[in-house]
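Rule-based calculations on the coordinates, nothing more; no lab input. Because the structure is predicted, anything quoted here is derived from the model rather than measured. Note that we place each Cβ from the backbone using ideal geometry, even for glycine, and neighbour counts take in every protein chain shown.
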Amino acid sequence: MSNNSSPKSPPTEAQPIIHLTEDNFNTFTLQIPYLVIDFWAEWCGPCRFFAPIFEEISLEYPEIQFCKCNTEENRHIAAELHINVIPTLMFIKSGNVVHISCGALSREKFREELNSVFRA
């Protein structure tokens with residue numbers, strides 16, 4: 001018999017990147033304690049530059065859920081959140097936006113931002 005009231009321990013291995021849509025956006029952003037969302041579009045050069053960095057770094061932070069949201073396919077989300085520049089990274093703790101970063105980041109800068117927001 002399992003005890004479902006025990007606190008959930010952080011994952012020990014990285015979770016797959018979740019692709020957010022208008023159907024699942026609120027569910028994930030309100031229920032997952034730590035997440036970072038990459039707002040992007042296929043036509044965006046800086047987004048294509050940053051995509052492999054986002055994927056690579058996601059493996060180093062198993063306690064954070066990494067998500068992507070295509071702004072072309074989810075225009076209502078982008079408009080509601082005032083996403084005017086892509087890529088935009090949104091860092092969320094317990095359902096609250098705690099940091100936003102605009103533009104493609106280097107590996108080092110992305111690690112710095114993740115550490116300052118989630119591991120400080």
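Of Thr21, Pro46, Gln31, whose Cα points farthest to the positive end of the dipole of the chain (charges on the beta-carbon: +1 Lys, Arg; -1 Asp, Glu; origin at the Cα centre)?
Gln31
If you line up the long axis of helix 107-118 against the longest principal axis of the chain, both from Cα atoms, how many degrees apart are they, to the nearest 10?
Approximately 50 degrees, to the nearest ten.
In whole Hz and in residue order, list the ³J(HN,Hα) couplings for the stretch 16-21 that follow from phi through the Karplus curve 6.51 cos²θ - 1.76 cosθ + 1.60, θ = phi - 60°; x for Gly and Pro.
x, 5, 8, 9, 7, 9
How big is the charge dipole of the stretch 34-115 about its Cα centre, in debye rounded to the nearest 20, if each Lys and Arg gets +1 on its Cβ and each Asp and Glu gets -1 on its Cβ? Before the final figure, lay out the partial values.
Working: 7 positive and 12 negative charges, 28 e Å.
Charge dipole of the stretch 34-115: 140 debye, to the nearest 20.
Starting with the fewest neighbours, write out Thr27, Thr21, Thr71 ranked by other beta-carbon atoms found within 10 Å of each beta-carbon. Please report the intermediate quantities before stating the final value.
On the way: Thr27 10, Thr21 13, Thr71 21.
Fewest-to-most Cβ neighbours within 10 Å comes out as Thr27, Thr21, Thr71.
What's the ranking of 59-67, 45-53 by average number of surrounding C-beta atoms within 10 Å, highest first? Show your work: numbers first, answer last.
Working: 59-67: 18.1, 45-53: 15.4.
Ranked from most to least packed, the peptides come out as 59-67, 45-53.
Please turn the phi angles of the stretch 67-79 into ³J(HN,Hα) values with the Karplus equation 6.51 cos²θ - 1.76 cosθ + 1.60 (θ = phi - 60°), one per residue in order, whole Hz, x for glycine and proline.
Per-residue couplings from phi come out as 9, 10, 9, 6, 5, 6, 8, 10, 4, 5, 5, 4, 5 Hz.
Where does the stretch 34-115 land on Rg/Rh, using Cα atoms and the Kirkwood Rh? Walk me through the numbers on the way to the answer.
Working: Rg = 11.8 Å, Rh = 12.7 Å.
Taking Rg over the Kirkwood Rh, I get 0.93.
Using θ = phi - 60° and the Karplus curve 6.51 cos²θ - 1.76 cosθ + 1.60, what whole-Hz ³J(HN,Hα) does each residue of the stretch 46-56 get, with Gly and Pro shown as x?
Listing the rounded values in order: x, 5, 5, 5, 7, 3, x, 5, 4, 5, 5 Hz.
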